[in-house]
Every structure is written in structure tokens, then in C-alpha cells.
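Right, one structure below, let's go through it.
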Amino acid sequence: MKLQIINTAGTFEVIGNFTLENTEQVEKHFNYLLDHYEEVVMSLKKVKQIDQKAVKVLKNIYAKANRRSKILFVLGKDNTIIAQAFRKNKVNHIFREDY
């Protein structure tokens, strides 16, 4: 499934397969958002597949937000595919749903 990033009322939904083929697209998109906004809301609720490279990209985006004192909300811990990948890679701290 082709990856899409859709802005739904200020929440940027990542939809489809977040895998090696699409990591550059996601990284560029969210780096742009972090360059231009103080708060960014990313939803991974509709991700169908995620791989190791995608988790690394998420870690990079999260680190960039922290370095720049930006707020990054990452939604999707109810998505079992995402929750399992985050748990396996010990990156549950990236989830932030308290906005």
C-alpha cells in the first residue's frame, strides 16, 4: 500500500506502509513541519506496516524536535503493529498523546 500523509484538522496522519521505500518522504515532510511549527501532531494509527528503518526515522524526527525545543505528539499506541515495533525497539517514550 502506498504511503500517504494527510493533514486532518492539524493532525498529520501517516497512512499505509511506513517502510524503507517511504522513509525519506516521511522524514522530509516532518522535518519541514518542525522547521515551520512549534507543535506537530503525527498519527500512526493507520499505518499497516512498519520496519526498522522507519523506526529509526521516527527516532530522528523525535530527536530533532527535542533539540529544537519543539513539541511532537505521536499518536498510535492503540495500533498493535506500531506498539509492537516500538516495544521491540525500546522507543515507547516517543508516544505522546497528551495534547
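FYI, it's all coordinate maths here, none of it is from the lab. Note that the coordinates shown come from a computational prediction; the quantities given were computed from them, not determined experimentally. Neighbour counts are summed over all protein chains in view; Cβ atoms, including those assigned to glycine, are modelled from backbone coordinates with ideal geometry.
Points worth noting:
- Filtered residues of segment 54-80 (kept if under 17 Å from residue 16 (Cβ atoms) and surrounded by fewer than 15 Cβ atoms within 10 Å (Cβ to Cβ)): 80
- Flag if residue 47 is β-branched (Val, Ile, Thr), surrounded by 15 or more Cβ atoms within 10 Å (Cβ to Cβ) and outside any strand (DSSP E or B): no
- Among residues of segment 1-12, those that are hydroxyl-bearing (Ser, Thr, Tyr) and either in a helix (DSSP H, G or I) or surrounded by 15 or more Cβ atoms within 10 Å (Cβ to Cβ) (or both), counted: 1
- Residues that are out of contact with any Phe, Trp or Tyr (no Cβ under 7 Å at 6 or more places or on another chain), assigned to a helix (DSSP H, G or I) and not polar (S, T, N, Q), drawn from segment 59-85: 59, 62, 63, 64, 65, 67, 81, 82, 83, 85
- Residues that are within 12 Å of the chain's Cα centre (by Cα) and of a type outside the set (Gly, Ala, Ser), drawn from segment 35-50: 40, 41, 42, 44, 45, 46, 47, 50
- Residues of segment 13-33 that turn out to be touching a helix residue (DSSP H, G or I) at 6+ places or on another chain (Cβ under 7 Å) and either assigned to a strand (DSSP E or B) or at positive phi (or both), as a count: 2
- Being touching a residue at least 24 places away in the same chain (Cβ under 8 Å), surrounded by fewer than 18 Cβ atoms within 10 Å (Cβ to Cβ) and charged (D, E, K, R) is a condition met by at least one residue of segment 28-44.
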